[in-house]
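Notes to accompany the following structure.
The values are calculated or read from the model by the stated rules, or taken from the named source; none is laboratory data. Predicted model, so just to flag it, every value in this text is computed and none were measured. All Cβ positions, glycine included, derive from the backbone under ideal geometry; neighbour counts span all protein chains shown. Side chains are part of the model used for accessible areas, which takes the heavy atoms of the whole protein and leaves out ligands, DNA and RNA. Shrake-Rupley method; radii C 1.70, N 1.55, O 1.52, S 1.80 Å.
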Amino acid sequence: MGDVAKDLAAGTVGGAAQLVVGHPFDTIKVKLQSQPVPLPGQPPKYAGAFDAVKQTIAAEGAGGLYKGMGAPLATVAAFNAVLFTVRGQMEALLRSEPGATLTIGQQVICGAGAGLAVSILACPTELVKCRLQAQSALAVADSSAATVALKYGGPMDVAKQVLRSEGGTRGLFKGLVPTMAREIPGNAAMFGVYELLKQKMAGGEDTSKLGRGSLMLAGGLAGASFWGSVYPTDVVKSALQVDDYSKPKYSGSMDAFRKILAAEGVKGLYKGFGPAMGRSIPANAACFLAYEVTKSSLG
């Protein structure tokens, strides 16, 4: 198989592993990010990550932790295939000769380029996912009734409603700026840290003999570096994507940033940070291990 085909196949398998392991953590992250600011003297809907898990399971069952997974599952092949393939092709362009090892700085550049490419795919997928993950909390916050009707019936229903009433295709790309502000530096950090840690553990540039445990450790810590470097932009992205179209609270990314900061302080920009970090380590450990094993098995 050619290098592009290997990256396509391995990236797809890696992405599927990442999604299955990490989605429940992501659901809790989005619920915490998107819950309305409580009125003075009132407690927030969720006291924290564990409370959000308990309330979600009580109200929706264990399946509630996998709400919105249909959208990323439907595109996980394309998303990760693009991410790893673009990175692989940039590596080929930057090599001085075939087989040459890239510097960590060059790996950072490759990660940034891959992040730019996947932003276009990530934005509409994340909008659909976030709307489904957050709708139960937002519906309860907007109603005093004991039971409330949810706005969306599933991923396709979200897409249809957005296309019909939120400006067509443009509506699906709401939050593109913070998505790019997350994906470009986040992937630059992730791939740079991944290669750096592999080389440190291997004691040199040849990392081909590293065991699965080392690959998982490098992948998990690389994923943590992604979220550690860009988390506030993800909060802004989620806030924009679940914002009401007819009565928006935010006029854009900077307005959302300023209003979140003014209303909740710096901690408001880190809502859901615990679940995000809790997700990133096992999910990316699974992703990178699956990617490396699959690519190696393809010869």
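For Lys295, the lysines whose Cα falls under 20 Å of its own Cα, not counting residues fewer than eight places away in the same chain, are Lys6, Lys198, Lys209.
Heavy-atom accessible surface of Tyr66, to the nearest 10 Å², is about 100 Å², with a 1.4 Å probe and all protein chains retained.
Counting only protein heavy atoms and a 1.4 Å probe, the chain has 46 square angstrom of accessible area per residue. Shown are Ser214, Ser208, Ser34, whose ranking by accessible area with a 1.4 Å probe and every protein chain present, most to least, is Ser208, Ser214, Ser34. With respect to the chain, whose longest principal axis is taken over its alpha-carbon atoms, helix 253-264 is tilted by about 60°.
Note on segment 11-170: with neighbouring protein chains present and a 1.4 Å probe, carbon and sulfur make up 66 percent of its accessible heavy-atom surface. Measuring only protein heavy atoms, the 1.4 Å probe finds Met216 accessible over about 80 Å². Scoring 109-117, 126-134 by mean Cβ neighbours within 10 Å over their residues and listing the highest first yields 126-134, 109-117. The 1.4 Å probe gives accessible areas that order Glu97, Glu166, largest first, as Glu97, Glu166. Over segment 157-274, the ratio between the Cα radius of gyration and 2.2 N^0.38 Å evaluates to 1.39.
For Lys247, which lysines qualify as cross-link partners when the Cα separation must be under 17 Å and same-chain residues fewer than eight apart are set aside? Result set, ordered by chain and number: Lys151, Lys174, Lys259.
A simple charge model with +1 on the Cβ of Lys and Arg, -1 on the Cβ of Asp and Glu and nothing else charged puts the dipole of the chain at about 580 debye relative to its Cα centre.
Post the alpha-carbon centroid distance, segment 158-212 to segment 237-265, in whole angstrom. Centre-to-centre (Cα) distance: 22 Å. Relative to the longest principal axis of the Cα atoms of the chain, the long axis of helix 104-141 makes an angle of roughly 20 degrees. Pairs over the 18 Å Cα-Cα cut-off, from the set Lys45/Lys129; Lys29/Lys54; Lys45/Lys271: Lys45/Lys129.
Computed from the C-beta positions of Leu94 and Met156, the FRET efficiency with R₀ = 45 Å rounds to 0.65. Rounded to the nearest 10 degrees, the angle from helix 273-297 to the longest Cα principal axis of the chain is 30 degrees. Heavy-atom accessible area with a 1.4 Å probe sorts Arg170, Arg212, Arg95, largest first, into Arg170, Arg212, Arg95.
When segment 97-230 is described by a simple charge dipole with +1 on each Lys and Arg Cβ and -1 on each Asp and Glu Cβ, the residue from Gly175, Ile109, Ala202 located farthest towards its positive end is Gly175.
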